[in-house]
Amino acid sequence: MRCSGTGRAAGPAVLLSAAGILLAGCGGAAAPESGDSPQRVSREAASSTPVAPGAASAGCSHTQLVASAAQQLPSGAPAGSWAVRVPLVNDGPRPCVLQGFPTVALAGEGSPERNRPLKVTTEGVARPVLLKVGGRAWVRLTFRQVLGEADGYCPSGATPQAAPSIVLGVAGGGLQLGMEGGGNFAECDDTVRTTAFLATRP
């Protein structure tokens, strides 16, 4: 499990999926960002905003959401950890509200029954985010880093784990995606810290 990273910490690459349902994901908006697929360019102007009090809209379904490749954050993660942000796009056909926290699992090489769920610690407050068609929401995931070279090691003594994909459980289903630039998703202790779904990029 040899991964690029900072110093002696083995750095990862990601794919995301959710228990039971795997949706290949590349998403885009009116102005595609790095990691977005041009085939998913929105039909309407992208917009995501916190929901105003009293506003009503249907909740998002995983079938209308597209997840782009996870983007590794160059800084900001606590020592001994690494973080990615994942863009989620409402691919239509109607606006929807996204709220809450995702679940995360290491993908089981195409076999949902072999997925390895991670223990999720949440951070922040979950607030509803209104997504117009083409609108974008975000989530930041922070993982414990594998240290050392070659297969690496975990400071806790646990066995490091790695997979080319993970499962992001959201809105009743799962979204599968890869780390931007490729590579493996490596982590220690089977834990992940996640923000709620956000209206602005972390």
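Details
- Gly100 long-range amide H proximity, modeled H, under 5 Å: Arg127, Phe197
- Rough spin-label spacing in nm, given labels placed 7 Å along Cα→Cβ, for Gln99 and Asp151: 4.6 nm
- For Pro202, neighbours were defined as the other residues whose beta-carbon sits under 9 Å from its Cβ, and their charges (Lys and Arg +1, Asp and Glu -1) total +3.
- Rounded to whole Hz, the Karplus (6.51, -1.76, 1.60) HN-Hα couplings of the range 140-148, x for glycine and proline: 10, 10, 10, 10, 6, 7, 7, 9, x
- Spin-label proximity, Leu73 to the range 162-193 - amide N less than 16 Å from point 7 Å beyond Cα toward beta carbon: 180, 192-193
Every number in this text was worked out from the coordinates using simple rules, so none of it is lab data. All values reported here derive from a predicted model rather than from experimental measurement. With ideal geometry, Cβ positions are generated from the backbone for all residues, glycine too; neighbour counts draw on all protein chains shown.
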